[in-house]
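Some notes on the structure that comes next.
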Amino acid sequence: MIGMDSLAISTSGLTAERLRMDVIANNIANAQTTRTPEGGPYRRQMVVLTPGNGSGDFSSWLAAALQQPGLQWDEGVSAQGFGVSVAGIVKDPSPFKMVYDPANPDAVNGYVQMPNVDLATEMADLVAAQRVYEANVTAFDAAKQMDLTALNLAK
């Protein structure tokens, strides 16, 4: 049933975007953290997403599907490997901000290294992640409704 594959694809997007929102929230919470257990200020983190299970890309999957005209999903084509997966969480290598604050205990020559977190960027990323999450919820609900309609037709 195609709906199950659609549900799996939407679920992978929901999971990935939820993690992305959690990481963004962590970045915002640590925007003023000048000292971490690793030493130095907090370094912004980013979620790296890859298509499907990390092998290939969407264009190669689409090309393979188009080479088999008339092939239906229930004839052996599966969404396994489609969707999105998290490749990892990486630290942003951009430089830290230097702020003059001689009263800060972490100051060196009056300057404090501040995290490389830009609140405007984080908020824009958060809004984008929320919109993608909402789109996956809508796709999930549509697939679920199609499955229910198909089941009702079979009665």
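The values are calculated or read from the model by the stated rules, or taken from the named source; none is laboratory data. Not measured: the values here are computed from a predicted model. Positions of Cβ are generated from backbone atoms using ideal geometry, with glycine treated the same way; all protein chains shown enter the neighbour counts.
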For region 8-36, pairs from a residue that is in contact (Cβ under 8 Å) with a residue 40 or more places away in the chain to a residue that is of a type in the set (Phe, Trp, Tyr), with Cβ under 6 Å and 6 or more apart or across chains, are Ile9/Phe82; Ser10/Phe140; Glu17/Tyr133; Asn30/Tyr42; Thr33/Tyr42
So, first residue under 18 Å from Ile28 (Cα atoms) in region 121-135, second residue small (Gly, Ala, Ser), Cβ within less than 8 Å, six or more apart or across chains; the pairs are Glu122/Ala31; Leu126/Ala25
Of the candidates Gly39, Gly81, Gly70, the one satisfying the condition of being at pLDDT below 95, surrounded by 11 or more Cβ atoms within 10 Å (Cβ to Cβ) and not basic (Lys, Arg) is Gly81
Within region 12-36, the residues that are in a loop (DSSP other than H, G, I, E, B) and in contact with a Leu (Cβ under 8 Å, 6 or more places away or on another chain) are Ala31
